[in-house]
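Chemist: Pasting in a structure now, in C-alpha cells, and then I'll have a few things to ask.
The values are calculated or read from the model by the stated rules, or taken from the named source; none is laboratory data. Just so we're clear, the structure is a prediction, and the values are computed from it rather than from any experiment. With ideal geometry, Cβ positions are generated from the backbone for all residues, glycine too; neighbour counts draw on all protein chains shown. These accessible areas exclude ligands, DNA and RNA; they are computed on the full protein's heavy atoms, side chains included. Shrake-Rupley method; radii C 1.70, N 1.55, O 1.52, S 1.80 Å.
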Amino acid sequence: MTHSPSDLLPDTESEPLASLLRDLQQLVELESPSSDALAVCAVQDVVEGWARAMHASTHSLPGGTRQFLFGAAEAHTDPAGSERPLLVLAHADTVWPHGTLDQMPFRTEGNRVYGPGSYDMKGGIVGLFAALRALDGQYPAGGIEVLLTPDEEVGSLHSRPVIEAAARRARTVLVVEPPVSDSHALKSGRKGVGQFAVELVGVAAHAGNKPHEGASAITEAAHQLLAVQALADVAAGTTVSVGFLSGGGAVNVIPAQARFEVDVRVSSLAEGERIDAAMQSLRPHDGRVGLTVTGGLNRPPFERSAETMALFERARQEAAALGFALTEEVVGGGSDGNFTAAFVPTLDGLGAPGDGAHAAHEHIRLDRWPDHVRLLTALLRGL
Ligand SMILES: [Zn+2]
C-alpha cells in the first residue's frame, strides 16, 4: 500500500508532516560533526530562530550549549522558584564528517526519510519544536527549559556541567534521543559507558640478530588485551571490547610501541567501579615494558528506576489514548540522560522513530513519526 503525503498528515494538534520534513531537511543539510564547533553552531542558530519565533528567551551557555526557556522557565534559572521546570535535552552534533551528504543525501523513499543525523537526533529536535508549537503558548506550570548541546556524540565533556546544573533545578527530564531501533520502545535505562587506553613502551632491538635485547610492546599488548577482555561479565550486563589496536613500525624490529583502546558498558555503578579498579591495576608481564592506563567511565549508568517507570507509565497511557502500543527497553548506548537519571526522574527515547543510528541506512519512519510527536506534545502539556 502506498501513501500520498496527505494520508500521513498528523491531526491539527501537531505540525503537518510536510512541515516536519521541511524543518528536518534544513537541519540535516547543515552537516554538524562534533569536531566542527562552527558547523554545530549553524544548526543551533536555526533552532534558536525557531525558539525566538515562539517568544522563548534564548541564551548561550558556557561550553557551547544553547538554552531556550518557554513560559515560566525563565524565572527558574534562579533555584528558589516554587514550580520547577520540565527539562528537555537535545544535541545538535552528529557522528558524520563533512561530505557525508554526497554519499547519503537527504531523501524520502516510501515511508522512510534518510540522511546523516536524521534519526540521531535532528528528527528529535524537529519533533520537539513541532510539539512545542502545538502547545500554542500553554506551557505547564514551571515552564519548559530546552538545552541544545554541541558535543553529545563525543562524551559531552563541555556540556555535562550545564546539563547537571539544569537537571538539579528541574522536576523531570525528557530526552529526545530516538526510540529503540525500528520500534515504539522508549529508553527506560542505559548502560554506563567507559573508555580506556592502554599504552605500552618496550625496548627496540634487531629482530634477527639480538631479539633477546628487545622487549616487545606488541607481545605485552597481546597478554594485556586478553586479560582486559576477560573482565566482561555478560550476566551482570558488563561488556568489554578492545576496538582499536596499533603497534610496531618495521617488521624486522622488536616493537617498542603498542597501544589499544577499550570500550566498556556497565549496568550498575558497582560494575563500573570493578572495571575501573581492574584497569588501574594492570601490571606488565615483562618487567622491561612500561604500561600506562588512561581513561575511565565517562557516563554513569542510567539505572531503570521506579521514577522512570512511573514516567513511562504516563507515556504508555498517553500513547494508548493516541492509538499505539508503547514499550520500553534498557539499552547499551549512553546519552545525556545518563547524567540526570541519578537525581531527577528521566525518560529517554522521545525523539523520532526509525533505525540506523551511526549507520549508512540511518532514517526516520514517516508513518510512525507523527504519533511520537503527538505523544511528546501530550507529555509536555501534562507532566
Ligand atoms: Zn544522539
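Chemist: Given the structure, is VAL46 open to solvent by 10 Å² or more (accessible area, probe 1.4 Å), away from the ligand (no atom under 16 Å from the Cβ) and among the β-branched types (Val, Ile, Thr)?
Modeler: When the stated conditions are applied, VAL46 passes them.
Chemist: Taking into account only those residues within segment 149-168 that are open to solvent by 50 Å² or more (accessible area, probe 1.4 Å) and in a loop (DSSP other than H, G, I, E, B), which is farthest from VAL46 (Cα to Cα)?
Modeler: Of everything passing the filter in segment 149-168, LEU157 is farthest from VAL46 (Cα to Cα).
Chemist: Within segment 141-155, restricting attention to residues that are among the β-branched types (Val, Ile, Thr) and touching a helix residue (DSSP H, G or I) at 6+ places or on another chain (Cβ under 8 Å), which residue is farthest from the ligand (Cβ to nearest atom)?
Modeler: Among them, the one singled out is ILE144.
Chemist: Does THR100 qualify as being among the polar types (S, T, N, Q), surrounded by 24 or more Cβ atoms within 10 Å (Cβ to Cβ) and at pLDDT 95 or above?
Modeler: When the stated conditions are applied, THR100 does not pass them.
Chemist: Can you tell me which residue within segment 117-148, out of those that are in a loop (DSSP other than H, G, I, E, B) and of a type in the set (A, V, I, L, M), is nearest to PRO97 (Cα to Cα)?
Modeler: LEU135
Chemist: In this structure, does LEU30 turn out to be in a loop (DSSP other than H, G, I, E, B), of a type in the set (A, V, I, L, M, F, W, C) and at pLDDT 90 or above?
Modeler: Here the answer is yes, as LEU30 does meet what is asked.
Chemist: Taking the options PHE312, PHE324, name whichever one is open to solvent by less than 30 Å² (accessible area, probe 1.4 Å) and out of contact with any strand residue (DSSP E or B) (no Cβ under 8 Å at 6 or more places or on another chain).
Modeler: After ruling out the rest, the residue left standing is PHE324.
Chemist: Further question: Give the residue that is farthest from ASP276 (Cα to Cα), with candidates limited to residues of segment 206-234 that are of a type in the set (A, V, I, L, M) and modelled with pLDDT under 95.
Modeler: Restricting to residues being of a type in the set (A, V, I, L, M) and modelled with pLDDT under 95, the top hit is ALA207.
Chemist: Please count how many residues of segment 156-201 are at positive phi and within 12 Å of the ligand (Cβ to nearest atom).
Modeler: Of the residues in segment 156-201, 1 are at positive phi and within 12 Å of the ligand (Cβ to nearest atom).
Chemist: Filter segment 94-115 down to the residues that are more than 22 Å from ARG22 (Cβ to Cβ) and either assigned to a loop (DSSP other than H, G, I, E, B) or under 20 Å from the mean Cα position of the chain (by Cα) (or both) and list them by number.
Modeler: Once the filter is applied, which keeps residues that are more than 22 Å from ARG22 (Cβ to Cβ) and either assigned to a loop (DSSP other than H, G, I, E, B) or under 20 Å from the mean Cα position of the chain (by Cα) (or both), segment 94-115 yields VAL95, PRO97, HIS98, GLY99.
Chemist: Restricting attention to segment 206-229, which residues are within 27 Å of the chain's Cα centre (by Cα) and without any contact (Cβ under 8 Å) to a residue 40 or more places away in the chain?
Modeler: Hit for segment 206-229 is GLN229, nothing else.
Chemist: Can you find a residue that is in a strand (DSSP E or B), surrounded by fewer than 20 Cβ atoms within 10 Å (Cβ to Cβ) and either of a type outside the set (A, V, I, L, M, F, W, C) or within 16 Å of the ligand (Cβ to nearest atom) (or both) anywhere in segment 217-225?
Modeler: Scanning segment 217-225, I find no residue that is in a strand (DSSP E or B), surrounded by fewer than 20 Cβ atoms within 10 Å (Cβ to Cβ) and either of a type outside the set (A, V, I, L, M, F, W, C) or within 16 Å of the ligand (Cβ to nearest atom) (or both), so the answer is no.
Chemist: So, ASP263, is that one within 18 Å of ALA227 (Cβ to Cβ) and within 19 Å of the chain's Cα centre (by Cα) or not?
Modeler: Yes, satisfied.
Chemist: Still on this model: Among the listed residues VAL88, VAL126, VAL95, identify the single one that is surrounded by fewer than 21 Cβ atoms within 10 Å (Cβ to Cβ), within 16 Å of the ligand (Cβ to nearest atom) and among the aliphatic types (A, V, I, L, M).
Modeler: VAL95
Chemist: Considering only residues that are surrounded by fewer than 22 Cβ atoms within 10 Å (Cβ to Cβ) and within 16 Å of the ligand (Cβ to nearest atom), which ones fall in segment 332-376?
Modeler: GLY332, GLY333, ASP355, GLY356, ALA357, HIS358, ALA359
Chemist: Still on this structure, I have one more. Mind listing just one residue for me: the one in segment 294-308 that is open to solvent by less than 30 Å² (accessible area, probe 1.4 Å) and touching a Leu at 6+ places or on another chain (Cβ under 9 Å) and, of those, nearest to GLY202 (Cα to Cα)?
Modeler: Looking at residues that are open to solvent by less than 30 Å² (accessible area, probe 1.4 Å) and touching a Leu at 6+ places or on another chain (Cβ under 9 Å), I get PRO301.
Chemist: Here's a follow-up. Run down GLY142, GLY155 and say which single residue is touching a strand residue (DSSP E or B) at 6+ places or on another chain (Cβ under 6 Å) and at pLDDT below 95.
Modeler: Answer to the check: GLY155.
Chemist: Answer yes or no as to whether HIS3 is open to solvent by less than 30 Å² (accessible area, probe 1.4 Å) and at pLDDT below 95.
Modeler: Answer is no for this residue.
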